[in-house]
Every structure is written in C-alpha cells, then in structure tokens.
1. Sketch the reach of a paramagnetic label on B:ALA189 as a point 7 Å from Cα along Cα-to-Cβ, and name the residues of the stretch A:33-55 whose backbone nitrogen lies under 18 Å away.
2. Could you please state, rounded to a whole Å, how far the C-alpha centre of the stretch A:226-290 is from the C-alpha centre of the stretch B:69-124?
3. Between A:ALA253 and A:TYR286, how high is the FRET efficiency from 1/(1 + (r/R0)^6) when r is the Cβ-Cβ distance and R₀ = 30 Å? Nearest 0.05.
4. How are the C-alpha pair distances of chain B spread across 5 Å bins, as whole percents from the shortest bin up?
5. Dipole of the stretch A:7-231, Cα-centred, from +1 at each Lys and Arg C-beta and -1 at each Asp and Glu C-beta, to the nearest 20 debye?
6. Expressed as a whole number of Å, what is the distance separating the alpha-carbon centroids of the stretch A:301-355 and the stretch A:157-211?
7. Projected onto the charge dipole of the protein assembly as shown (+1 at Lys/Arg Cβ, -1 at Asp/Glu Cβ, origin at the Cα centre), which of A:ALA233, A:ILE152, A:GLY300 gives the Cα projection farthest towards the positive end?
8. Any idea what % of Cα-Cα pairs in chain A are farther than 30 Å?
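Read-outs throughout are calculated quantities, based only on the coordinates presented, and are distinct from any laboratory measurement. It should be emphasised that the depicted structure is a prediction, and the values quoted were computed from it without experimental measurement. Note that we place each Cβ from the backbone using ideal geometry, even for glycine, and neighbour counts take in every protein chain shown.
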Amino acid sequence: MDANVLLEINGISKSFGAITAVDDLTLRIAPGEFFALLGPSGCGKTTLLRMIAGFETPDRGQIRLAGSDMTGIKPNRRPINLMFQSYALFPHMTVAGNIGYGLEMEGVRGPGLKRRVGEALELVQLGALADRKPHRLSGGQRQRVALARALIKRPKLLLLDEPLGALDRKLREQMQIELKRIQRDTGITFIVVTHDQEEALTMADRIALLGQGRIVQLGRPRELYEAPVNRFAADFIGMMNFLPGKVTADGVALPGLGVFQASNRSDLPQGVEVVMAIRPERLRLYAEARAAALPGAVEGTAYLGQDLIVHLRLDATGQMLIARLTAGHDLTRDITTGQRLWCDWPGAQARLLAD
Amino acid sequence: MVLSRRAVMLAPGLGWLALLLVIPCGIIFVHSFFERGIYGGIDYVFTLENYRRAIDPLYLRIFLASVRIALTATAIALLLGYPAAYFIALQAKRRQMPLLILIMLPFWSNYLIRTYAWIVLLNREGLINRGLIDLGVIDTPLSLLYNDFAVITGLVYGYVPFMILALYSSISKLGPDLREASTDLGAGAWRTFLRITLPLTLPGIAAGCIFVFVLSIGNFVTPDLLGGKQRAMLGNLIYGQFLTARDWPFGAALAFILIAIMMLLLSAQAWLVNREREIAP
Ligand SMILES: Nc1ncnc2c1ncn2[C@@H]1O[C@H](COP(=O)(O)OP(=O)(O)O)[C@@H](O)[C@H]1O
Ligand SMILES: [Mg+2]
C-alpha cells in the first residue's frame with residue numbers, strides 16, 4: 001500500500017437504467033488533501049460520493065480506503081462520514097443530540113460524550129445553541145451542525161455534498177474560508193462536491209472537473225484555470241473568449257483577424273483545427289489604434305464595482321469578445337456603448353484547445 | 001371578502017355535520033338527564049341517576065372489558081400494520097399506489113358480510129379447524145369462535161387498513177435522508193429504526209392507534225356476531241338499552257360517555273397532527 005494514497009478509486013461505473021451516472025472513473029486522493037469534485041448539475045457528483053460512502057454499489061470497479069477494499073462494507077462500518085446536501089439533521093433531537101449521535105453509536109457516554117460534543121460545538125462556533133432543535137436554526141447554523149455532526153467521529157475521510165449550496169453569497173464566502181480552516185485544524189481529508197467553480201478554486205488543493213460521469217481534467221486550481229484541456233473545461237471554469245483557427249508554420253491563423261501566437265502552439269501539429277482561448281482579464285483595450293490591435297465597437301458594459309466587463313464586437317469578423325478591466329484602468333471611466341476601441345493580448349496568455 | 005368566501009364554501013359541510021351529528025349528539029346528551037318511562041319512552045324529569053348507574057360495577061366491568069379488547073386489537077393492528085406500512089413507504093413511488101389500493105380493497109364489500117365470513121372461517125367445522133385436522137396438527141377442533149379471540153380477530157381484520165394508512169402517511173413523509181444519515185453515523189438498521197424512524201413516526205402511530213381504538217370500542221356488530229351474547233362490549237350494551245331494555249335515558253348516558261371518550265382521543269390526535277406539521281420544515 002502506498003502511504004501517500006488514502007482513497008483509491010479504480011474504474012468505477014454506475015448506471016441508473018439508461019443513464020450512466022459515473023463512467024469508468026479512476027482517482028487517487030492523498031491523506032490530508034482538500035479535494036473538490038466540480039461539475040455541472042447531473043454529472044454524477046452525488047452518485048460518486050454515495051458510492052464512496054457506501055450508499056450505492058458500483059456496477060463495476062473498486063474503492064479502496066487506506067489500502068482496504070470497501071466492496072461489501074456497509075456505510076455504518078466505513079471510517080467515512082458524509083455531510084448530506086439536505087443536511088439531514090434529526091428534527092426530534094437538539095443540536096447537541098444531533099452532534100453526539102455518531103459518538104453514541106460508538107458507545108461513548110457520559111462526561112466523555114459531553115466533552116467531545118462541547119469541543120465540536122466550539123469548532124463550528126455553535127456553543128450557545130446546544131439545546132435548540134434544528135427547526136429553530138438559520139440555514140447557516142444548520143450547515144454548521146451538519147458539519148460538526150460529521151466531523152465529531154474523526155473520520156479518515158469526510159465527504160461534503162454541496163455543503164454551501166443552500167447559503168446566501170456572503171455567508172458562502174465566509175464559510176469557504178472557515179471550511180478551509182477546519183480542514184487544516186483537524187487534518188481530516190475532505191472531498192467537497194460543488195457546481196460552483198469559484199468555490200472549488202478558493203478552497204481546494206486539487207480539483208477534479210467532471211462531465212457526464214468522467215473526469216475531464218484533474219489538477220491544482222491554477223492548472224485548471226490557466227491550462228484547461230478542452231473547451232468544456234475552459235468554459236466551465238471562469239469566463240473565456242473562444243476564436244476558432246488553424247495551426248500554421250508561424251503561428252495560429254484566425255480567419256479574418258490574422259496570425260497570432262499562443263503559449264502551447266508547439267504542442268500541436270501544423271494544419272490542425274483549434275480554438276484559441278483567451279481569458280477576459282488578459283485582453284488589453286486601447287482608446288486609439290495601434291499596430292496589431294484589432295478594432296471593434298463596444299456593445300455593452302457591465303459594472304461590477306471592482307471590475308468592468310466590456311463586450312466588444314470585432315469590425316473584421318463580427319465576433320464578440322469579452323474583456324474585463326480592473327477599476328483602476330484608465331479607460332473604465334468613459335467607455336460608452338458604440339464607442340470604438342482596439343484590443344490585443346499577449347501571445348503567452350492565449351491557449352489553444354484541440355476540441 | 002376572503003373570509004366570507006371561505007364561510008360560504010364551508011357552510012354546506014358544516015350544516016350537514018350540524019344536522020346529522022351535533023344536533024343528534026345534543027339530543028342524546030339532553031335525554032341522558034331524564035327518567036325512563038314505565039313502558040319505555042322518556043319521562044321528562046331531571047335526574048343524574050343514569051350517570052350514577054353507569055359507574056355501577058356491573059357496567060364498569062363491561063366498560064373495562066371493552067377497553068381491554070379495544071386496546072388489544074389496537075396493539076395487534078399496530079404490530080401488523082407497521083411493517084406493512086413501512087414496506088409500502090419504501091417502494092418506488094409508482095408502486096405505492098397499487099399497494100395502497102390493495103390495502104383498501106376490503107372496504108369495497110360490506111362490513112357485515114366480511115364479519116360473517118369470519119364465522120365461516122372460525123367455526124368448529126370451519127376452514128381453519130378443518131384444515132388443521134386434515135393436516136394432522138390437531139385431533140379435536142379448537143374453539144375459535146364466540147370468544148374474545150374471535151372478537152379481537154374481527155376488529156383487527158376490520159380496522160388494520162386504517163392503521164396502515166395512518167402509518168404510511170407518516171413514514172412516507174420521512175424520506176431516506178435521515179435513515180441514511182443515521183447509518184452514516186454508525187447506527188445499524190435496528191438502532192436507526194429505534195432512534196430515528198420510530199420516534200419520528202410517533203404521530204402516525206398515535207393517529208392510527210386512536211383510529212383503531214375509537215372504532216373498536218364503539219363497535220357492536222363484531223362482538224355481536226363473533227363474540228356470542230355473554231361477551232358484550234360497550235357498543236352492545238348501548239344497543240341493548242335502546243332496542244331491548246328500552247331504557248333510552250340510560251342508553252343515552254352510556255352513549256354520551258362513549259362519545260366523550262372518543263372526542264377526547266380524536267382531539268388529542270388532531271393536536272398531534274398539528275404539532276407535527278409545525279415542527280417539520
Ligand atoms: N437513484 C437514482 N435513480 C435514477 N437516476 C439517478 C439516481 N441518482 C442519480 N440519478 C441520475 O444520475 C445522474 C447523476 O446524478 P447525480 O449524481 O445526482 O448528479 P450531481 O450530483 O452531479 O448533480 C443524473 O442524471 C440523475 O438523474
Ligand atoms: Mg448532487
């Protein structure tokens with residue numbers, strides 16, 4: 001057994017009738033990792049978590065935890081806990097009763113139980129609410145109870161299904177940082193499911209981007225953002241401009257626009273059809289014409305406070321580019337709809353996608 | 001405007017209830033304070049004698065026997081009904097309705113006829129005795145009919161569907177999440193049932209038990225047909241006072257006591273259902 005692998009998923013598949021929810025998926029997760037499963041709704045994230053927790057049986061493949069095969073092991077016998085998307089708090093028990101439940105099942109009683117419930121309450125900052133019933137808690141408080149209830153058993157692996165999905169934006173951002181702190185403090189390996197790319201980028205050490213039950217890309221947040229492997233990955237994570245073209249001897253020919261450079265051009269053979277992908281914040285806009293910059297007309301702007309989004313329609317081809325300027329940019333003050341602007345981008349900031 | 005429309009829509013139903021339920025109950029209540037006429041009928045002289053007589057040991061014994069039989073029937077109906085309701089609630093949604101219709105199928109034939117069918121099954125020459133003798137399990141027929149066993153069997157048979165429906169509605173509301181959360185936290189199937197499913201379906205259990213108890217304690221057909229004459233329950237006693245002994249005021253007093261008990265239990269049930277609705281999100 002490899003000491004650097006906690007969870008080993010080997011070629012698992014799961015179908016529901018005609019729908020293949022998880023399709024021949026292989027994944028390794030290291031101890032202490034904060035891992036995110038990211039993907040659009042319906043791509044099989046929950047199904048994968050439920051197979052790891054033991055609530056669904058894979059049709060094919062194997063799951064190993066700390067070296068031992070989990071096949072046939074019931075959920076209540078796995079050193080894994082799942083925080084449910086619905087939280088699934090027991091409505092007839094108090095906050096303390098909910099949190100202590102898992103330890104009670106291990107036979108922990110009396111002062112030992114009380115002390116550890118107290119610690120768990122402390123960890124999620126809910127000390128004052130120990131005797132409340134769940135129906136008298138706010139969404140954020142419920143989320144914390146569910147987290148404490150799953151953490152108190154000190155599992156080898158904690159699975160969190162859309163843990164912040166039900167919270168409003170402000171609270172969600174605060175809890176992202178808090179989850180990260182709790183994970184670091186406890187040292188427990190986390191697998192968090194989310195469909196929110198920003199959340200995955202903020203929290204995770206590594207991200208697996210799923211699409212239709214398969215891993216599309218696996219890597220660190222920066223890799224996923226900077227070097228998406230295909231159009232789906234580029235589109236799902238952050239905003240992206242796409243310009244179709246063809247690899248030539250001296251660059252990438254974009255029809256009607258010219259020949260451009262890209263960071264990964266040498267990886268691709270000449271003559272191949274590609275899509276050039278450029279992040280909106282890497283586009284540069286100018287008020288006056290300059291060599292090699294493409295002219296266009298402003299079609300609309302969106303003011304985001306710290307940033308300004310500019311939609312620019314290129315004169316040459318009618319293609320729309322989205323640019324994101326920081327508030328400090330010279331231009332942000334006086335861009336108006338219909339205005340003429342010029343844009344370019346550093347070749348190192350453009351990436352070619354083969355599909 | 002909204003209120004008045006609601007009043008208009010409720011009026012026919014409430015009127016119906018008032019005419020056929022509240023007013024007759026009122027009449028019974030009033031009559032329970034009068035004296036019996038010499039040749040039956042009623043002498044309109046105020047008295048509390050009927051209520052004093054109702055707690056006479058002779059009648060108190062019948063009352064307690066009725067409670068005991070109704071409670072036994074309720075307990076058995078609960079034990080039979082819970083697994084059935086649980087099984088149905090766990091099926092895929094589209095399979096639940098056909099099963100529930102099967103549970104309600106007996107209601108399509110008359111209660112009296114179904115009770116007579118039990119006589120055919122339970123008598124000394126009946127299907128059950130014959131079958132057991134033919135199989136060599138017993139030599140002489142068991143006395144299965146005209147005793148408490150037969151009455152309880154008949155009541156359980158008649159009312160177990162109400163129990164199942166009440167339990168089903170409570171169990172199916174629970175959903176799999178809480179059970180899975182309990183399993184995830186290390187509880188086995190039995191502990192999950194005791195700690196999660198059972199407490200959370202208590203309102204359904206109470207509702208089903210109150211239904212079956214109320215229906216059983218007021219029943220007079222089943223004890224009459226399956227219990228034999230000397231095994232009278234409260235319902236038979238009231239029936240007898242009105243139709244045989246012709247002591248209407250005493251019958252009215254007994255009936256009113258029974259109605260009061262039922263009302264109390266049914267309000268408790270309504271209160272439980274309301275409270276459940278408040279707690280569930
Ligand atoms: N119990 C089930 N029965 C039938 N289909 C299911 C079941 N669970 C999930 N699916 C289907 O499998 C696919 C993946 O679902 P899920 O894992 O819940 O996706 P996600 O959590 O990524 O939104 C979906 O198409 C969903 O409809
Ligand atoms: Mg999901």
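1. Taking a point 7 Å out along Cα→Cβ of B:ALA189, the residues of the stretch A:33-55 whose backbone N falls under 18 Å are A:54-55.
2. Computed from Cα coordinates, the inter-centre distance equals 71 Å.
3. Numbers: r = 23 Å, r/R0 = 0.78.
So, using R0 = 30 Å, E works out to roughly 0.80.
4. Spelled out per bin, shortest first, that is 1, 5, 9, 11, 13, 14, 13, 11, 9, 6, 4, 2, 1, 0, 0.
5. 600
6. One Cα centre to the other: 31 Å.
7. Projecting each Cα onto the dipole axis, the largest value belongs to A:ILE152.
8. Taking all Cα-Cα pairs of chain A, the fraction more than 30 Å apart is 49 percent.
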